[in-house]
Structures are given as structure tokens and as C-alpha cells.
Amino acid sequence: MLSASSLAEIDRERLKYPPEQARSVLLAALRIAQEEHGYLSNELIEFVASYLGVPSIQAFEVATFYTMYDLAPVGKYQFCVCGSISCFLNGSDEILAHLQDRLGIGIGETTADGLFTLKEVECLGACKDAPMMQLGDRYLENLTPERIDALIEQLRKEAQR
Ligand code: FES
């Protein structure tokens, strides 16, 4: 269910912890599994648990607790808008409303063309530049509706190339 390279990466993570604490490898192992498959299906979560030798309920607890894990297919671009206190006080609700309006989807949904998914997440540690969101491995800060519009346009063009 996972490639040899993903399994090798999980094995390297496993070396960081005592053998009896395989549960501690779950965070990394689920991330690696998600990177390969795009999201974590129930079967994939069970596979990861079995590979690490931990009860599958523990893997489901981790996978369903953290917003960085996707339990269903997501769009090519995933807007993870922080809705915690600093971002909220600086207009994250306006950013979320604008994104929903522009994309025609609600929070937790993906556009019909499979390009965009919108998520609301907890504090991402960039509070001084609120409101902000994560897009892939990038942080986009000091968001405004105008910046959002330019970004969506840029990503649509990028996807056509
Ligand atoms: S409150 Fe949004 S990054 Fe911390």
C-alpha cells in the first residue's frame, strides 16, 4: 500500500524512538503516507498502524485530531486559513467569506474542477502577520481580499500550464 521509499522513510523515523514507543512514529508515518496518496483513506490509516504494530484506533485518533491530515481527496491547491484569535481579530472571517464567495464552496469543500480546497485551521504560529493561511509548504501572510483575488488568478493560470 506504500512504496518502498515511503516505507524506508518511515523506518528511518522509527529509529528516532525506542522500539516500545512505535506510537510516537504515527505523526511522521501518517504524513509520509499522505504525501504518497494525497489523503488518508481508512485502509491507509489501518495499514500504517499495522506497519508500526500499534492499535489502529491510535492511528485514527491522530489522523482525525490534526488538521494537517486529509481524510478525503483534496484539491491541487489547499487554502488552510487560520481562524485562531490573532487572525480572527485581524479579519480571517472576512478572508474565509471572500474565499467561499470567490470559489463557490464552503469550508471543508473542494471546487468541482478539483483545483481548490478550503480549510479553516488552528494557529499556525505566524500570528504577527495575521490574517494568514498555509498553501502547500508556504505561509501567505497579511491577507486581503485583493491579494486573495490575485492569488486565485495566478494559481488558475499556473494550473493551465
Ligand atoms: S492566530 Fe493565526 S497564525 Fe496564530
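The values are calculated or read from the model by the stated rules, or taken from the named source; none is laboratory data. Source: prediction; values computed, not measured. Ideal geometry is used to build each Cβ from the backbone, glycine not excepted, and the neighbour counts take in all protein chains shown.
What the table shows:
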{"quantity": "Selection count, the range 89-140, where residues are free of Cβ contacts under 8 Å to residues at least 24 places away in the same chain, crowded, with 17+ Cβ neighbours inside 10 Å and farther than 20 Å from ASP70 by Cβ", "calculated": "0"}
{"quantity": "Options LEU135, LEU151, LEU103: the member that is away from the ligand (no atom under 11 Å from the Cβ), among the hydrophobic types (A, V, I, L, M, F, W, C) and either at pLDDT below 95 or within 22 Å of HIS37 (Cα to Cα) (or both)", "calculated": "LEU135"}
{"quantity": "Any hit, the range 9-26, residues being more than 30 Å from ARG156 (Cβ to Cβ), of a type outside the set (D, E, K, R) and within 16 Å of the ligand (Cβ to nearest atom)", "calculated": "no"}
{"quantity": "Sole residue being surrounded by fewer than 19 Cβ atoms within 10 Å (Cβ to Cβ) and modelled with pLDDT of 95 or more, chosen from ALA63, ALA28", "calculated": "ALA28"}
{"quantity": "Extreme residue, farthest from ALA72 (Cα to Cα), among residues of the range 19-57 that are among the small types (Gly, Ala, Ser) and not in a helix (DSSP H, G or I)", "calculated": "GLY53"}
{"quantity": "Failed item in (1) acidic (Asp, Glu); (2) within 16 Å of the ligand (Cβ to nearest atom); (3) over 18 Å from the mean Cα position of the chain (by Cα), with GLU120 passing the rest", "calculated": "(3)"}
{"quantity": "Selection from the range 2-17 of residues that are outside any helix (DSSP H, G or I) and within 18 Å of PRO55 (Cβ to Cβ)", "calculated": "TYR17"}
{"quantity": "Count - residues of the range 114-161 that are farther than 14 Å from PHE88 by Cα and part of a loop (DSSP other than H, G, I, E, B)", "calculated": "5"}
{"quantity": "Sole exception among (1) under 24 Å from LEU124 (Cβ atoms); (2) within 20 Å of the chain's Cα centre (by Cα) for GLY91, by number", "calculated": "(2)"}
{"quantity": "Unmet criterion (only one of (1) in contact with an Asp or Glu (Cβ under 9 Å, 6 or more places away or on another chain); (2) closer than 30 Å to GLY106 by Cβ) for PHE65", "calculated": "(1)"}
{"quantity": "Candidates GLU36, GLU109, GLU61, filtered to the one that is in contact with a helix residue (DSSP H, G or I) (Cβ under 8 Å, 6 or more places away or on another chain), away from the ligand (no atom under 16 Å from the Cβ) and charged (D, E, K, R)", "calculated": "GLU36"}
{"quantity": "Residue among CYS80, CYS87 that alone is within 16 Å of the ligand (Cβ to nearest atom), at pLDDT 95 or above and in a helix (DSSP H, G or I)", "calculated": "CYS87"}
